[in-house]
Amino acid sequence: QVQLVESGGGLVQPGGSLRLSCAASGRTFSSFAMAWFRQAPGKEREFVAAISRSGAGTKYADSVKGRLTISRDNAKDTVYLQMNSLKPEDTAVYYCAADTASDWNSATTRESRMDYWGKGTLVTVSS
């Protein structure tokens, strides 16, 4: 019903920047809140950032506050994750997820609330 496709991952040096994109199709994009999660090698998947349907409400994991910024463009059915000042510990597969049942200004952060997931894009931070 809903398909999510991530892009923008790659290899970057510590302190560098990347911007991830997640394009949605199959349903009206503004109907769901969006979030980014990540899974590092040998680690469990963790929450990174979330944004409400309207784009006005955002939430971040403590480990990425001030460095990563989530945004969305409902006209383009796309959510972004701007990643600055990257650290080796940011290395992970980043997943885009959608919550199809949320309030206009509520950002969803729990994995159990997400209804659809992308296949992920790999970000490697290394010198």
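The values are calculated or read from the model by the stated rules, or taken from the named source; none is laboratory data. Nothing here was measured: the structure is a model prediction, and the numbers come from that model. FYI the Cβ positions are ideal-geometry reconstructions off the backbone, even for glycines, and counts take in every protein chain you see. To get the accessible areas, we keep the full protein, side chains included, count just its heavy atoms, and leave off ligands, DNA and RNA. Shrake-Rupley method; radii C 1.70, N 1.55, O 1.52, S 1.80 Å.
Taking the numbered list (1) within 21 Å of E111 (Cβ to Cβ); (2) charged (D, E, K, R); (3) assigned to a strand (DSSP E or B) in turn, R19 passes all entries but (1). Considered as a group, the residues in region 40-98 that are surrounded by 17 or more Cβ atoms within 10 Å (Cβ to Cβ) and of a type in the set (S, T, N, Q) include one that is nearest to W117 (Cα to Cα), and that residue is T78. Scanning region 1-16 for residues that are open to solvent by less than 30 Å² (accessible area, probe 1.4 Å) and either out of contact with any strand residue (DSSP E or B) (no Cβ under 9 Å at 6 or more places or on another chain) or closer than 13 Å to L122 by Cα (or both) yields E6, G10, V12.
For region 99-109, which residues satisfy the criterion of being farther than 11 Å from A50 by Cβ and either in a strand (DSSP E or B) or open to solvent by less than 50 Å² (accessible area, probe 1.4 Å) (or both)? If you could, list the steps in order and put the result at the bottom.
Step one: of region 99-109, the residues farther than 11 Å from A50 by Cβ are 100-101, 103-105.
Hit for region 99-109 is T100, nothing else.
Kindly evaluate R19 against the criterion of being farther than 15 Å from D115 by Cβ, open to solvent by 50 Å² or more (accessible area, probe 1.4 Å) and within 11 Å of the chain's Cα centre (by Cα). Walk me through how you get there before you give the answer.
Numbers: farther than 15 Å from D115 by Cβ: yes; open to solvent by 50 Å² or more (accessible area, probe 1.4 Å): yes; within 11 Å of the chain's Cα centre (by Cα): yes.
Against the criterion (farther than 15 Å from D115 by Cβ, open to solvent by 50 Å² or more (accessible area, probe 1.4 Å) and within 11 Å of the chain's Cα centre (by Cα)), R19 qualifies.
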